[in-house]
Amino acid sequence: MPFYKVLISFLILNFGALGLGSWLMNNGPRSEWYINLNQAPWTPPGWAFGVAWTLIMICFSVYMAQLYIKFPTKEVITLFALQFFLNVIWNYVFFNQHLILLGFLVIILLTILVCYFFFKFQDIQTRYLLLPYIIWLCIATSLNGYILINN
């Protein structure tokens, strides 16, 4: 399958995950519940989340397309599906259900999984495109952890 077709497929899947996660969060970042939480002083402004996730999903899609073309295995698809699930479900768990501890555990698992991609598939030329995702997940994990400890 040509690279561009695989890339388009991953772009659709990844932006679909963002859309599904956004829908499941039930207006989360603008909800009274979230606004009234004691949030970390380093919490980025709201617009930064959309910009960051757009960049992350473009980079992750390019990475996944190259990974899948090189290793079209069940393992790669399973890892991607797990990443998709964890990414989407965090929004529901944290923002919709207000389960801060469970959200913290989900985002830690997601961070570990994305780091696993980075270290497991070291011969993928585009693996450094995972760095924005890893950095953002570290920030998001710290924000979730701060809320867990301070609320």
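Express the relative contact order of segment 1-106 as a whole percentage, based on alpha carbon pairs under 8 Å and six or more residues apart in sequence. Write down the numbers at each step before the final one.
On the way: 69 pairs, mean separation 49.4, N = 106.
Computed over segment 1-106, the figure is 47 percent.
Determine which lysines satisfy two conditions relative to K5: a Cα distance under 20 Å, and not lying fewer than 8 residues away in the same chain.
Within the straight-line limit of under 20 Å, K5 reaches these lysines: K70, K74.
Take the alpha carbon atoms of segment 22-85, find their radius of gyration, then divide it by 2.2 N^0.38 Å using N residues; give the quotient. Write out the running numbers ahead of the final one.
Working: Rg = 16.4 Å, N = 64, 2.2 N^0.38 = 10.7 Å.
Relative to the 2.2 N^0.38 Å estimate, segment 22-85 comes out at 1.53.
Compute the orientation-averaged projected area for the chain from the convex hull of its Cα atoms and round it to one decimal in nm². Mind dumping the intermediate values first?
Working: hull surface 33.9 nm².
Over all viewing directions, the chain projects a mean Cα-hull area of 8.5 nm².
Take the Cα pairs of segment 86-134, get the Kirkwood Rh, then feed it into Stokes-Einstein at 4 °C and 1.567 mPa s and tell me D in µm²/s.
Working: Rh = 11.7 Å.
Stokes-Einstein gives a translational diffusion coefficient of 111 µm²/s.
Toward the positive end of the charge dipole of segment 1-147, about the Cα centre and with charges on Cβ (Lys, Arg +1; Asp, Glu -1), which of P132, L109, I12 goes farthest?
I12
Before rounding to the nearest 500, sum -39500 (n - 2.57) across all DSSP H runs of length at least 4 in the chain and divide by the residue total; then give [θ] at 222 nm in deg cm²/dmol. Walk me through the numbers on the way to the answer.
On the way: 6 runs with 110 residues, N = 151.
Computed ellipticity for the chain at 222 nm equals -24500 deg cm²/dmol.
Using unit Cβ charges (K, R positive; D, E negative) and no other charged atoms, how large, in debye to the nearest 20, is the dipole of the chain about its Cα centre? If you can, show how the numbers build up before the last one.
Working: 6 positive and 3 negative charges, 57 e Å.
The dipole of the chain has a size of about 280 debye.
Return one number: the angle in degrees, 0 to 90 and rounded to the nearest 10, between the long axis of the Cα atoms of helix 3-24 and the longest principal axis of the Cα atoms of the chain.
The angle comes out near 20 degrees.
Using only Cα atoms, what Kirkwood radius does segment 1-45 have, in angstroms?
Values: mean 1/r = 0.0761 Å⁻¹.
Result for segment 1-45, one decimal place: 13.1 Å.
Kindly write out, for segment 116-133 in residue order, the coupling ³J(HN,Hα) from the Karplus curve 6.51 cos²θ - 1.76 cosθ + 1.60 (θ = phi - 60°), rounded to whole Hz, with x marking Gly and Pro.
Each residue of segment 116-133 in turn: 4, 3, 4, 8, 6, 10, 5, 8, 7, 4, 8, 4, 5, 5, 7, 4, x, 5 Hz.
Read the figures in this text as sums done on the coordinates, not as results from a lab. No experiment lies behind these values; they were computed from the predicted model shown. As a convention, Cβ positions derive from the backbone with ideal geometry for all residues, glycine included, and neighbour counts pool all protein chains shown.
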